[in-house]
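For reference, the structure discussed in these notes is given below.
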Amino acid sequence: MKHWTENDFQKWLYGLKEEDAHLQTCSECRTELERLRLARRRTFAAPEVSEDFLAAQRRNIHNRLNHPSRNFAPLRWGFSVAMLLLVVAGLTLTPFRKSPVVLTNDEQLYSDLAAMEQTSEPKAIQPLHRLFEK
Ligand SMILES: [Zn+2]
């Protein structure tokens, strides 16, 4: 007789397959079946929680229900207000700006404009000239 397949063991776990004669003769399959049986028992076993722990938990819940004022947390409110103030400050304060260029006189402005107009070449191209110098 053939060994039980993984599918057979799964069917047995779900109660869809009965133990057959092969298990009585094959120790390998019987060992696997016992391992699965133990694992299932461990899985379904009730968790160990002491009565004292549960009683203390119930007392804590009742204490909190009877004293709702304990939920007030000034730190939480303080943090919220601080964050709100930061957002408002960020939205209302103008960012630091560089001081605008101060022109000394109109003559300088016109001479600068004239100089810019005379060179038709963009400034970015000027460094490229060095590449072609011999
Ligand atoms: Zn077997």
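What follows is calculated from the coordinates using simple rules that are stated; it is not laboratory data. These numbers were taken from a predicted model, which means no experiment stands behind them. Ideal geometry is used to build each Cβ from the backbone, glycine not excepted, and the neighbour counts take in all protein chains shown.
By how many nm would the segment from Gln24 to Ile125 grow when fully extended, if each residue of separation counts as 0.36 nm and the alpha-carbon distance is taken off?
Details: separation 101, 0.36 × 101 = 36.36 nm, distance 9.21 nm.
Using 0.36 nm per residue and subtracting the Cα-Cα distance, I get 27.2 nm.
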>> Quick check on packing: order 55-68, 12-25 by the mean number of other C-beta atoms within 10 Å, highest mean leading.
In response: 12-25, 55-68
> What is the distance, in nm, between label points placed 7 Å from the Cα along the Cα-to-Cβ direction at Gln57 and at Thr31?
Replying inline: 4.0 nm
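How long is the gain from Phe44 to Glu133 if the chain were fully straight, where each residue apart is worth 0.36 nm and the alpha carbon distance is subtracted?
23.4 nm
Quote the convex hull volume per residue of the stretch 1-74, based on C-alpha atoms, as a whole number of Å³.
Numbers: hull volume 12.5 nm³, N = 74.
Spelled out: Cα convex hull of the stretch 1-74, divided by residues, is 169 Å³.
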> FRET efficiency for Leu85 and Leu65, Cβ-Cβ distance as r, R0 = 41 Å, nearest 0.05?
Replying inline: 0.75
> What is the helix-to-structure angle for 106-118, meaning the angle in degrees between its Cα long axis and the longest Cα principal axis of the chain, kept from 0 to 90 and rounded to the nearest 10?
Replying inline: 70 degrees
>> I'd like the orientation of helix 74-92 relative to the chain: the angle between its Cα long axis and the longest Cα principal axis, in ° from 0 to 90, rounded to 10.
In response: 30 degrees
>> As I understand it, the value is the acute angle between the Cα axis of helix 51-66 and the longest principal axis of the Cα atoms of the chain; what does it come to in degrees, rounded to 10?
In response: 40 degrees
>> About the Cα centre, and with charges only on the beta carbon of Lys, Arg (+1) and Asp, Glu (-1), how big is the dipole of the chain? Nearest 20 debye, please.
In response: 760 debye
>> Name the residue from Leu36, Trp4, Pro74 whose Cα lies farthest towards the positive end of the charge dipole of the stretch 1-74, charges +1 on Cβ of Lys and Arg and -1 on Cβ of Asp and Glu.
In response: Pro74
> Which of these, Phe79, Phe53, Phe44, has the largest mean-square fluctuation under a Gaussian network model of the chain (Cα springs below 10 Å)?
Replying inline: Phe44
> Given q = 0.10, 0.11, 0.20, 0.22 Å⁻¹, what are the Debye log10 I(q)/I(0) values for the chain, with equal point scatterers placed on the Cα positions and solvent ignored?
Replying inline: -0.77, -0.84, -1.21, -1.26
